[in-house]
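K.L.:
One structure coming up, written as structure tokens, with questions to follow.
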Amino acid sequence: MNECSIDIVAVPDHPGVRWWQAVASHGFVAGVAGLRPTRSLGHDLLLPAATARTTDAAELTLYVEPQWRRRGIGSRLLAAALAQTAEPRLIAHVAADSPGEAFCLWHDFRHTRSLRHDLLTYCNVHHAWLGELVDAEHPGYRLTHWTGDLPAELRVEELLRSPSRPGDAVLTAADADGDLAAYAVAVVGAPARPRARQYGPAVLPGHRGRRLGRWVNAALIQQLRDVHPHLEEIETVTAEDDSHLLALREDLGFGLLRRTRRYEFTLRQHTRPAATRGEDAR
């Protein structure tokens, strides 16, 4: 079946996400693409109000079924997404050395970061040792916790001032006389999924060199299981060049899960790709 048999169709009724499908004969979906706003979760998670950055990018998700690849379908899905986006940049996260990475390179996406995904399994946690880390003295600092659902606009100070409530997020922070010093947060998926996604830890300037990141991360691991006892795993994402944070992960028992790469496409510097440009790798 050739490329002309494929229709690119917008899919409505997905609040906050724009979706397109590549529909073949008999209604078979050969590929999908989606755009969603980026959130300030990630390597610069929950930045304090004074340093938080606004985003001007949308996150791209694009997938073509293996048997339909190299027919221009991914290029047509990308063109449909680009025609409808108002953001000047697209961001895509793809597995290292994958067809998705080849697709990004072919379409002039720019590699901006290499990422390492690590996993901690609770069955391998030495809970007595973890408790010792949490109970260790850090003169001048105290631990605080918050639980609830993360709002659309994320400010860690505001969350810590608000009352805890049932929700899918757990935040652990260290403060010095009320001033935020370090923090880490984890977000839990659906109850049927026993894995949480951790962001951080982050230590603010002026408080580094005191092992506060290790402290709040250990406390988060402990608090997270207390609040969500069904959890079995925690996943983290770390920049490959952040040797300090990678060492902290290893010290706490995280191990390599997979590697991904982040690519960006800047619309102001490129023309929109034609639907028939070249062969598709994705």
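K.L.:
Just to be sure I understand, how many residues within region 227-247 are under 21 Å from Val156 (Cα atoms) and either acidic (Asp, Glu) or not assigned by TED's automatic domain parsing to the domain that holds Ala202 (or both)?
P.N.:
1
K.L.:
Determine, yes or no, whether Ala247 is more than 20 Å from Ala190 (Cβ to Cβ), part of a helix (DSSP H, G or I) and out of contact with any helix residue (DSSP H, G or I) (no Cβ under 6 Å at 6 or more places or on another chain).
P.N.:
Criteria met by Ala247.
K.L.:
Which members of region 111-156 meet the condition of being within 25 Å of Asp242 (Cα to Cα), among the charged types (D, E, K, R) and modelled with pLDDT under 95?
P.N.:
Matches in region 111-156: Arg155 only.
K.L.:
Go through region 163-188 residue by residue and tally those that are in contact (Cβ under 8 Å) with a residue 12 or more places away in the chain, over 23 Å from Thr238 (Cβ atoms) and in a strand (DSSP E or B).
P.N.:
Number of matching residues: 2.
K.L.:
Could you grab me the full set of residues in region 94-144 that are under 17 Å from Ala219 (Cβ atoms) and polar (S, T, N, Q)?
P.N.:
Within region 94-144, just Thr144 meets the criteria.
K.L.:
Can you tell me how many residues within region 1-28 are exposed (fewer than 15 other Cβ atoms within 10 Å of the Cβ) and either assigned to a helix (DSSP H, G or I) or modelled with pLDDT of 90 or more (or both)?
P.N.:
Residues that pass the stated criteria total 9.
K.L.:
For region 55-162, which helices (runs of 4 or more DSSP H) that fit wholly inside it have 2 or more residues that are outside the structural domain of Leu246 (by TED's automatic domain parsing) and surrounded by 15 or more Cβ atoms within 10 Å (Cβ to Cβ)?
P.N.:
Qualifying helices (runs of 4 or more DSSP H): 73-84, 99-106.
K.L.:
Anything in region 179-193 that is touching a helix residue (DSSP H, G or I) at 6+ places or on another chain (Cβ under 9 Å) and under 25 Å from Leu115 (Cβ atoms)? List them, or say none.
P.N.:
Within region 179-193, Ala182, Tyr183, Ala184, Val185, Ala186, Val188 meet the criteria.
The values are calculated or read from the model by the stated rules, or taken from the named source; none is laboratory data. Note that the structure is a prediction, hence the values are computed from the model and not measured. Neighbour counts run over all protein chains shown; Cβ positions are idealised from the backbone, glycine included.
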